[in-house]
1. Would you call Val247 over 25 Å from Gly130 (Cα atoms) and not in a helix (DSSP H, G or I)?
2. Can you say whether Val247 is modelled with pLDDT under 95 and within 15 Å of the ligand (Cβ to nearest atom), as far as the supplied structure shows?
3. When the residues of segment 98-142 are filtered to those that are among the aromatic types (Phe, Trp, Tyr) and open to solvent by 10 Å² or more (accessible area, probe 1.4 Å), which remaining residue is modelled with the lowest pLDDT?
4. Name the single residue that is farthest from the ligand (Cβ to nearest atom) among those in segment 289-313 being closer than 22 Å to Asn141 by Cα and in a helix (DSSP H, G or I).
5. How many residues, within segment 301-311, are at pLDDT 95 or above and either among the charged types (D, E, K, R) or open to solvent by 20 Å² or more (accessible area, probe 1.4 Å) (or both)?
6. Which residues, counting only those in segment 217-240, are out of contact with any strand residue (DSSP E or B) (no Cβ under 9 Å at 6 or more places or on another chain), more than 12 Å from Leu254 (Cα to Cα) and open to solvent by less than 10 Å² (accessible area, probe 1.4 Å)?
7. Residues of segment 340-381 being β-branched (Val, Ile, Thr) and within 13 Å of the ligand (Cβ to nearest atom), which ones?
8. Against the definition (without any contact (Cβ under 8 Å) to a residue 60 or more places away in the chain and assigned to a helix (DSSP H, G or I)), how does Ala147 come out, yes or no?
Amino acid sequence: MRLQCVDCERELPTGKFEYQCTCGGLYDIIHDNANLDADYLKRVFRDRLSERMTPYASGVWRYKELIAPEIPESCIVTKYEGNTGLYSSELLQQYTGIRRILLKAQSENPSGSFKDNGMTVAVSHGRSLGYERFTCTSTGNTSSSLAMYASLAQCTSYVFVPNKNISLNKVLQTLSYGANVISFDGTYDDGIHFYEKYSEELGLYICNSINPWRIEGQKSIIFEIAQYLNWEMPDWVVIPGGALSNVTALGKGLEDLKRLGLINKVPRVALVQAEGASPFHQMVAKGEDTLTPQPNPYTRASALNIGNPPSWQKALRTLEQTTGVTCSVTDDEIMDAKAKVDQSGIGCEPASAATVAGLRKLITQGTIHKDETAVCILTGNVLKDTDALRDYHLGDAFTSSYRNPIVNAELTIEHMRDFLKGNAYTK
Ligand SMILES: *Cc1c(COP(=O)(O)O)cnc(C)c1O
C-alpha cells in the first residue's frame, strides 16, 4: 500500500499517514494487488455471504483485499454495514422513462447513510494507529456515522456542525450516540479549513471525506452492486455529488474491478448536483479545468450543500475514466423525485433523490437513452430529514406535485365508503 498525491504525484514513505500533500493535493491510496486472481476473489466474496459474526459479514469488509488488506482484524470496528438492497421499481421506470432502473439503497446502512461504508474503514484505520479521539465537520450524515462507530469502539468523537441549513434530525442522531457536538457560525468549508490547520496539534484523527480510507471503504458500494448483478454491469450508474467523495470512490472501485478482470464493461457515471450547490457541474459544463468555489451554496438537499468540494480533482478522474457526464437539478425537481422514490416503497432523503431527478432529466435531454439500464445510488434514509417531508406534504415551500396531505376525517361508515370509492372527502 502506498499514498500518492493526486496532484503532484509525490509519494509518502510507507507507514506514514497524512491527508494532504504540501502542494495542497489530497492523498490517494494505491494497493499492490495486481496479482490477485479474479476467479479467486469472486469465490472468496461469494463464500463470505454466509458469514454472520465475523468482520467479513460486513458488506464492506467482505471486500477487504481490495479496500484495506493491511488493517488487522483486531482493529476492525464494524456494524455489518453495507449488505443493502438493490431494488427494481416499475413506478420509477415510468417516472424516469428508462427501460430498467435499479436502486441501491445505501439508506439501509446502520446509521442510515452510505457514510457508514467509509467510516467503518476510517475509524478502524485510526484505531490501528492507536487513536482514541476522532473528529469531523459535517452537514449531518458523516457526524452521525462517526458518532456511531466511535461509540461502538468506546472512543470519543468531536463533531463540528454548521449552525445553518442542516437537518436537525441528523444533529439529534449524532448527539444521541454520545458525540461532543460543537455548532459553529460558518459553512462546512470553514470547518474543513479549521481541521487542515489544527487537527495534528489537537491529536484528533480526521474522518472527513479528505480521509482516503473513507474513499476506500465507499468503493464497496459498487463492489456490492457488481456482485449482486453477477458481475454484469448496467449502462449507467447515477450518483449525487456534494463533497464528491462518493463519485471518487465509484470511479476507483470501477477501476479496480476492471483492472483485476472482475468485470468486462465499465458503466458510464452520471453525477448529479443540486443547482444551488453545483460548482463541479458548472466547471464541466463550461469546459473549464479548475473548480471555482461557490461562496454561498444553498439547497434543501442538505447533504449536497457544499460550495467548495475538496475531492473535485479525484472526481474529474472518475468522469474521464468512465466517459461520465454531469447535470444539475432544482430543489423542486429533487423533492418531486423524492416523493416518487418514497412512494415506490424504497424511500430516501432529498440528496439521494437528486439521482432519480437527474436520470429523468438526462433522459429528456437524450444524454441517456431510454433503452439503456441504470443503477441510482440512494445515499440516505427517508427519516433523515423530516423537516423536508413536512414542508413538502404539509407546507408550501415546494411545488409539491405529488403532495400527500393528511386527511382529517370523522370516523363514520358513510364517509369511509365514500372515501374508498375515491370520492373527495366531504365533512
Ligand atoms: C454525503 C452525502 C452525499 C454526498 O456525497 P459526497 O461524497 O459528499 O459527494 C449525498 N447524499 C447523502 C445522503 C450524503 O450523506
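The values are calculated or read from the model by the stated rules, or taken from the named source; none is laboratory data. Keep in mind that what you see is a predicted model, and the values were worked out from it rather than measured. Heads up, the Cβs are rebuilt from the backbone with ideal geometry, glycines too, and the neighbour counts pull from every protein chain shown. Keep in mind that these areas ignore ligands, DNA and RNA; they rest on the heavy atoms of the full protein, side chains included. Shrake-Rupley method; radii C 1.70, N 1.55, O 1.52, S 1.80 Å.
1. Numbers: over 25 Å from Gly130 (Cα atoms): yes; not in a helix (DSSP H, G or I): no.
Here the answer is no, as Val247 does not meet what is asked.
2. Numbers: modelled with pLDDT under 95: no; within 15 Å of the ligand (Cβ to nearest atom): yes.
Judged against the criteria, Val247 is not a match.
3. Only one residue fits best here, namely Tyr131.
4. Result: Trp312.
5. Number of matching residues: 0.
6. The one that is out of contact with any strand residue (DSSP E or B) (no Cβ under 9 Å at 6 or more places or on another chain), more than 12 Å from Leu254 (Cα to Cα) and open to solvent by less than 10 Å² (accessible area, probe 1.4 Å): Gly217.
7. Just the residues of segment 340-381 that are β-branched (Val, Ile, Thr), to begin with: 341, 346, 355-356, 363-364, 367-368, 373, 375, 377, 379.
Within segment 340-381, Val341, Thr355, Val356, Ile377, Thr379 meet the criteria.
8. Details: without any contact (Cβ under 8 Å) to a residue 60 or more places away in the chain: yes; assigned to a helix (DSSP H, G or I): yes.
For Ala147, the condition - without any contact (Cβ under 8 Å) to a residue 60 or more places away in the chain and assigned to a helix (DSSP H, G or I) - is met.
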